[in-house]
Amino acid sequence: MSGIEIIGTGRYVPEFIADNDKFSEFLDTSDEWIFPRTGIKQRHISADKPNYYMGCEAAKDALKNAGISAEDVDLIIVSTCTPDFFYPAMSCLIQKNIGAKNASCFDVNSACTGFITAVDIAHKFLAADKYKTVLVVASEKLSSQQDYTDRASCILFGDAAGAVVLRRSEKLFSSFMGAEGDEFEALYCKVHYESNCPFFKDEDEFYNNRFDTFAKKNYLVQDGKAVYKFAVNAMSNAVNTVSKACGVSPEELDLVIPHQANLRIIAKATELLGISPEKVYTNIEHMGNVSSACIPVALDELNKAGKITSGLKLCMVGFGAGLTYGSIIMEV
Ligand code: UT7
């Protein structure tokens, strides 16, 4: 099967910066606790702009970088687990706002693994010659789902969007995706509906308490230690699996862009894989965890710095709520 070419990248990062000291103003926490345990110094937060605005800005940046117009886009796939609307899909809002009137649209949600999922789907459409140009956007406003009294979680997350424009190529492409639904309670955000359904008197019982352990309303809930343990193995397994499938060993990779959840998770997985740390790109220090936007934001940082060169063997690997995991090895 043929591969894909990244013809453009883009990103949007909100202006407002919350460094670790800002969290000490309202939580019993400190830079001394956060930085050594996570690798995070600061994260960006979108105070006034909705998620789809960030996605549009990243999309426009990627189209400009690719040198094509929005009307050239045949398909928009958006990855988000923090949408502004249950429906329509965010890809439709982006289509309208950037003027991509010839594009089909849908969203995917595999949480932090979402960019890998979206690129993998894009690859299938491109390889089948169904579409010529696919825009993949990963846009996340994690600040909208944080309980800012939960110091073990809220300090990890930020807001941002990244985008890529993809076309078919004859270069190497291999992917792997997995999920462990049994582990879903390790990381979730439950939707709480406000209902006026006349058929059930106890609305709370009908809608909200069917899973009675899920107490927090519309907030991210996680068992940090369980996710940590899962992540180290999931990342190394995902890379090993895709590496075997395409015959490129981890040592032969030129560049690895992992999901930016915790610097210690990345370091441990890298060590297990025997990959030299200089090949592994991280931006968690200044971005925090921006879920599925982590990888495309990093990709754009590297691309704009001239570091995504033709022929490079790139590996992207992610994990997240689900619990899901996935990886791609491709020749750029
Ligand atoms: O995209 C995927 C998203 N999720 C993840 O990747 C999460 C992966 N997990 C982690 O990164 C780590 O588990 C955390 C950074 C979330 C937490 O680190 P930890 O070393 O597992 O800490 P812990 O939850 O076991 O807590 C240890 C102590 C506790 O105090 P006591 O009970 O020992 O007195 C916590 O209350 O640290 C305390 N603590 C904090 N203290 C200061 C937890 N969060 C903080 C904080 N500041 N922000």
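Before moving on, here are some points about what is shown:
- Selection within region 77-111 - among the β-branched types (Val, Ile, Thr) and in contact (Cβ under 8 Å) with a residue 60 or more places away in the chain: 77, 78, 80, 82
- Cβ-Cβ contacts under 7 Å between residues 6 or more apart (or on different chains), taken from a first residue in region 25-46 that is closer than 21 Å to residue 141 by Cα to a second residue that is of a type in the set (Asp, Glu) and buried (at least 17 other Cβ atoms within 10 Å of the Cβ), are listed as 44/159; 45/159; 46/159.
- Restricting region 105-151 to residues that are within 16 Å of the ligand (Cβ to nearest atom) and among the hydroxyl-bearing types (Ser, Thr, Tyr), the residue that is surrounded by the most Cβ atoms within 10 Å (Cβ to Cβ): 139
- Total residues in region 152-171, condition of a type in the set (A, V, I, L, M) and surrounded by fewer than 17 Cβ atoms within 10 Å (Cβ to Cβ): 1
- When residues of region 237-293 are limited to those that are more than 15 Å from the ligand (Cβ to nearest atom) and β-branched (Val, Ile, Thr), the one surrounded by the fewest Cβ atoms within 10 Å (Cβ to Cβ): 241
- Within region 35-80, if we keep just the residues that are within 16 Å of the ligand (Cβ to nearest atom) and touching a Ser or Thr at 6+ places or on another chain (Cβ under 6 Å), the residue that is farthest from residue 102 (Cα to Cα) turns out to be 80.
- As for region 88-103, it holds no residue that is of a type outside the set (Ser, Thr, Tyr), in contact with a His (Cβ under 6 Å, 6 or more places away or on another chain) and under 24 Å from residue 7 (Cα atoms).
- Any pair with Cβ under 8 angstrom, 6 or more apart, that starts in region 1-24 at a residue that is free of Cβ contacts under 8 Å to residues at least 40 places away in the same chain and ends at one that is in a strand (DSSP E or B): 15/44; 16/44; 17/42; 17/43; 17/44; 19/42
- Considering 61, 74, the condition of being in contact with a strand residue (DSSP E or B) (Cβ under 7 Å, 6 or more places away or on another chain) and farther than 27 Å from residue 263 by Cβ is satisfied by 74 alone.
- Any hit, region 215-236, residues being more than 30 Å from residue 7 (Cβ to Cβ), away from the ligand (no atom under 16 Å from the Cβ), open to solvent by 30 Å² or more (accessible area, probe 1.4 Å) and in contact with a strand residue (DSSP E or B) (Cβ under 9 Å, 6 or more places away or on another chain): yes
The values are calculated or read from the model by the stated rules, or taken from the named source; none is laboratory data. Please read all numbers here as calculations on a predicted model, not as lab measurements. Backbone-built Cβ (ideal geometry, glycine too); neighbour counts: all protein chains shown. All accessible areas refer to the heavy atoms of the entire protein, side chains included, with ligands and DNA or RNA removed. Shrake-Rupley method; radii C 1.70, N 1.55, O 1.52, S 1.80 Å.
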